[in-house]
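Following: one structure in structure tokens, then a few remarks.
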Amino acid sequence: MSEMSRHPTTTALLSRLQVFEPTRRPTFQERSIDTSWGKALVKGKLGQGQADLLELILYLAQESETGPNGRKQLLVDQYELRKGLGGSQEGSGEQLKNFLTDLQNAEVELSPNGRNATVGGKLIHAVVDSAKTIPALGRFTSAGQKLGVRPLKVVVLGDLLTELLQSDVKFYYDPHPIVGWNKGVAQAMVRHVKTHKAPPRGGWKLETLLDSVGAGQEKDASNRRRELKESKENLAGLGISISNSRVLLEKTPGFKG
């Protein structure tokens, strides 16, 4: 592995074309999405939990290289991914496995405005063992035996994500502050806001922002507003507030890239 420079956490089209549903409980489905930035076809089970993991993989990748087939390959530590998913506690290995499976199975096709070509394929192609290991300090087996090392994994990115990392607008930030929130609409809103260099004058209209993340359906509007209200403290920690149906952003240390 080589190319030690840090990877982007996400790209513009992943957020703006609503690849990930604004929920923590997605279902497997085929979605056809039409936005002001372009169109998308998504077949799979992709929500904000899966977005959490994908951003953690990109952010925490220790090394990377381009494989012989042109796909980007990232060296990752599964323990760090589980810890990231779990917030203050280590996340479940089963949750990590399920999210990885969802990311590998999903098929995505993006048709952004202003481009002649459609880009499509997988987000993650495969996850394979690496010959590299790192010291497993303070780690023990269920039988109480100390583990000397833990193996690393290689995440082989799919054709779609490899292409987006090469050609799309890229964004660099630490995803940990928003990983694991219990309200997916709040996560989706933050992720969308992060793809803008600055807020519009007077902030975003709340309804416009909900539409932009795929949460503007009239029948769900009251529930979405309630979820955002319940996420008030989390949003405030990132300098985001909602007042008079406007979403306002103040730059704070908690919202750094």
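The values are calculated or read from the model by the stated rules, or taken from the named source; none is laboratory data. All values derive from a computational prediction rather than experimental measurement. With ideal geometry, Cβ positions are generated from the backbone for all residues, glycine too; neighbour counts draw on all protein chains shown. Note: accessible area is taken over every heavy atom of the protein model, side chains too, but ligands, DNA and RNA are not part of it. Shrake-Rupley method; radii C 1.70, N 1.55, O 1.52, S 1.80 Å.
Which number comes out as Rg/Rh for the range 1-63 once both Rg and the Kirkwood Rh are worked out on C-alpha atoms? Rounded to two decimals, Rg over Rh is 1.05.
222 nm [θ] for the chain, helices only, -39500 (n - 2.57) per DSSP H run of 4+, per residue, to 500? Show your work: numbers first, answer last.
Numbers: 9 runs with 82 residues, N = 257.
Mean residue ellipticity at 222 nm (helix-derived): -9000 deg cm²/dmol.
Rounded to whole numbers, the Karplus 3J(HN,Hα) couplings from phi for the range 203-215 are x, 8, 5, 4, 5, 5, 5, 4, 4, 5, 9, x, 10 Hz, using 6.51 cos²θ - 1.76 cosθ + 1.60 with θ = phi - 60°, and x at Gly and Pro. When the solvent-accessible area of the range 31-139 is split by element, carbon and sulfur atoms take up 44 percent of it, the probe being 1.4 Å.
Sort 194-200, 206-212, 167-173 by the packing proxy (mean of other Cβ within 10 Å over each peptide's residues), most packed first. The partial results should precede the final answer.
On the way: 194-200: 13.4, 206-212: 18.7, 167-173: 16.0.
Taking the mean over residues of other Cβ atoms within 10 Å, the ranking is 206-212, 167-173, 194-200.
In percent, what relative contact order does the chain have, based on Cα pairs under 8 Å that are 6 or more apart in sequence? About 21 percent, as a whole number. For the range 38-58, backbone nitrogen atoms closer than 14 Å to the point 7 Å from residue 27 Cα along Cα-to-C-beta are found at 44-46.
So, counting K/R as plus one and D/E as minus one, what does the shell of residues with Cβ under 12 Å around residue 157 add up to?
Working: positive: 71, 72, 122; negative: 65, 159, 163.
Taking every Cβ under 12 Å from that of residue 157, the sum is 0.
Within the chain, all pairs of alpha-carbon atoms sorted by distance into 5 Å bins from zero give the percentages 1, 6, 13, 18, 19, 16, 13, 8, 4, 2, 1, 0.
The string of couplings for the range 118-131 from the Karplus curve (6.51, -1.76, 1.60, θ = phi - 60°) is 8, 10, x, x, 9, 7, 10, 8, 6, 10, 10, 5, 10, 6 Hz, one whole number per residue in order, with x for Gly and Pro.
Span-like helix check, the chain: qualifying full DSSP H segments, with Cα axial length of 15 Å or more and mean Kyte-Doolittle of -0.5 or more, are 48-60.
With all pairs of separate Cα atoms included, the range 169-244 yields a Kirkwood hydrodynamic radius of 13.0 Å.
The equivalent ellipsoid that matches the C-alpha gyration tensor of the range 18-97 spans semi-axes of 25, 20, 11 angstrom, in descending order.
Assign one of three labels to the range 92-242, namely rounded, prolate or oblate, based on the Cα gyration tensor with a ≥ b ≥ c the square roots of its eigenvalues; rounded applies when a/c is under 1.5, prolate when it is not and a/b is larger than b/c, and oblate otherwise.
Values: a/c = 2.26, a/b = 1.44, b/c = 1.56.
Judged from the Cα gyration tensor, the range 92-242 comes out oblate (a/c at least 1.5, b/c at or above a/b).
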